[in-house]
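**Q** Just dropping this structure here.
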Amino acid sequence: MKAILIDDEKPALIQMERLLRTDGRMEVAGMYTQARHGLEHMTAEKADIVFLDIEMPEMNGLEAAENLYRLNPEAQIVYVTAYNDYAVEAFELGAIDYLLKPVDPERFAKTVSRLESRLSQLQAVRREAAPSGEPSVLCFKQLSLAGGPGTGGSLRWRTQKAQELFAFLVHHQSKRVAKDVILETLWPELSLDKAVTQLHTSVYQVRKMLKAWGIGAGIDYSHDSYRFTGDGFRTDVDLFLIAASAGEITSREQWRQLDQALQLYRGDYLEEHDYFWAKSYRAQLLGQYIQASLLASAYEVSAGQTHSALRRLELLQKKEPFSEEICRAGMEIHAGLGDKLSLKKHYEAFASALREELGSEPGRETTNLYRHLMQSI
């Protein structure tokens, strides 16, 4: 486990470093007296854990945490503070633990054990979500090939059009796609002769890539149409949809499977390629991701994992900042905690974003719920 330490007080940094080195379960990857330097470290090189002081000049720890989560959503944050009052706010921001200064060695050892357990759980989730060696096509965020003997980092698409052709055929899920449809979609600006030449060249390059992948997948041509063929492989979208289609979560095992599926959603469908033909399906999958996340959050609330539910909704709202459904879910959690101030801040931040970015106001359902919740606390 790699950890970085951020604290504007050098004596506090030295104490934390000594505790870590004495414990021996973590490697100190960096020590910083300014939050921005810690953020620069996380941009260049990931760390598993961040020990973060809350009271710092320029950028305090709570603000720094928001930026750290954007750089690495899986980063485990432990706040180090001289003030116990920050504990609740720290957990609402998704911190795994907090330590009071001066840090007690026994309390510190318990925190490290908790971190070990949490990181082991995350590693297990990754292994189950993408079994080692199992061939799969990854379509969330960026198209790539995983598993199989040929994916040791050496596979490179010869041209962007060859990559797009492969993505287009995978998009159609092994169904035949007429040659004319492919030509009109991928090379609409070319004459027929030139477009056909480009198609044949791209098909050759895709077949060569699949052969290098080494899993027996290929491109079949018959009846003037093409299709992607291959046994024993799955896409991350397939795996996501299997679990994300659950209509209700009533057990921890169902929640665990759904949580694994949500972690497969590394970004929107083929997001980095921005293929116009993928936009409709991208929006559909995003909608399913939002609904599945709300389902997971609702179960976490029912299971007493309120802060986990809030953290999930915070990340979701960053992705879809104008979703009233996400806003309402967050309001109900704050109301359930009896936290009138947080409820007010949550609603007003959403309303302000709508006014500034869209020039609109929250809908009637959202405003009525807000008034009802404020009166009920």
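The values are calculated or read from the model by the stated rules, or taken from the named source; none is laboratory data. Everything numeric here is computed off the predicted structure, so don't read it as measured data. For neighbour counting, all protein chains shown are included, and Cβ atoms are generated from backbone atoms with ideal geometry for every residue, glycine included. Remember, those area values only see protein heavy atoms, side chains included, never the ligands or the DNA or RNA. Shrake-Rupley method; radii C 1.70, N 1.55, O 1.52, S 1.80 Å.
**Q** Give Ala329, Ala349, Ala303 a once-over and let me know the one that is open to solvent by less than 30 Å² (accessible area, probe 1.4 Å) and either of a type in the set (A, V, I, L, M, F, W, C) or more than 19 Å from the chain's Cα centre (by Cα) (or both).
**A** Ala329
**Q** Within the range 167-190, work out how many residues are over 28 Å from the mean Cα position of the chain (by Cα) and not aromatic (Phe, Trp, Tyr).
**A** 15
**Q** Still on this model: Could you list, in sequence order, all residues of the range 177-211 that are in a loop (DSSP other than H, G, I, E, B) and open to solvent by 20 Å² or more (accessible area, probe 1.4 Å)?
**A** Pro188, Glu189, Leu190, Ser191, listed by residue number.
**Q** Could you go through the range 214-237 and let me know if any residue there is part of a helix (DSSP H, G or I) and at pLDDT 90 or above.
**A** There is at least one residue in the range 214-237 that is part of a helix (DSSP H, G or I) and at pLDDT 90 or above.
**Q** Being under 31 Å from the mean Cα position of the chain (by Cα), free of Cβ contacts under 8 Å to residues at least 40 places away in the same chain and under 15 Å from Pro105 (Cα atoms) is the filter here; which residues of the range 21-41 pass it?
**A** Gly24, the sole residue that qualifies.
**Q** I've got another one for you. Quick test of your reading of the structure: Leu315 fulfils all but one of (1) closer than 17 Å to Ala261 by Cβ; (2) touching a Phe, Trp or Tyr at 6+ places or on another chain (Cβ under 6 Å). Name the failing condition by number.
**A** (2)
**Q** Quick one: Gly336 ticks every box in (1) open to solvent by 20 Å² or more (accessible area, probe 1.4 Å); (2) over 18 Å from Leu294 (Cβ atoms) bar one, so which box is it?
**A** Status for Gly336: all satisfied but (2).
**Q** Based on this model, can you work out whether Leu315 counts as assigned to a helix (DSSP H, G or I), touching a Pro at 6+ places or on another chain (Cβ under 7 Å) and open to solvent by 30 Å² or more (accessible area, probe 1.4 Å)?
**A** yes
**Q** Pick from Leu285, Leu258: which is in contact with a strand residue (DSSP E or B) (Cβ under 7 Å, 6 or more places away or on another chain) and at pLDDT 90 or above?
**A** When all the criteria are applied, what remains is Leu285.
**Q** If Ser174 passes every condition in (1) in a loop (DSSP other than H, G, I, E, B); (2) open to solvent by less than 10 Å² (accessible area, probe 1.4 Å) but one, which one does it miss?
**A** (2)
**Q** Taking the options Leu165, Leu145, Leu190, Leu183, name whichever one is touching a helix residue (DSSP H, G or I) at 6+ places or on another chain (Cβ under 8 Å) and free of Cβ contacts under 8 Å to residues at least 12 places away in the same chain.
**A** Testing whether each residue is touching a helix residue (DSSP H, G or I) at 6+ places or on another chain (Cβ under 8 Å) and free of Cβ contacts under 8 Å to residues at least 12 places away in the same chain leaves just Leu190.
**Q** Check the range 118-125 and report whether any residue there is open to solvent by less than 80 Å² (accessible area, probe 1.4 Å) and modelled with pLDDT of 85 or more.
**A** no
This table checks each residue for (1) outside any loop (DSSP other than H, G, I, E, B); (2) more than 15 Å from Asp97 (Cβ to Cβ); (3) modelled with pLDDT of 90 or more; (4) open to solvent by 40 Å² or more (accessible area, probe 1.4 Å).
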| residue | (1), (2), (3), (4) |
| --- | --- |
| Ala3 | yes, no, yes, no |
| Pro11 | yes, yes, yes, yes |
| Glu17 | yes, yes, yes, yes |
| Lys46 | no, yes, no, yes |
| Tyr69 | yes, yes, no, no |
| Pro73 | no, yes, no, yes |
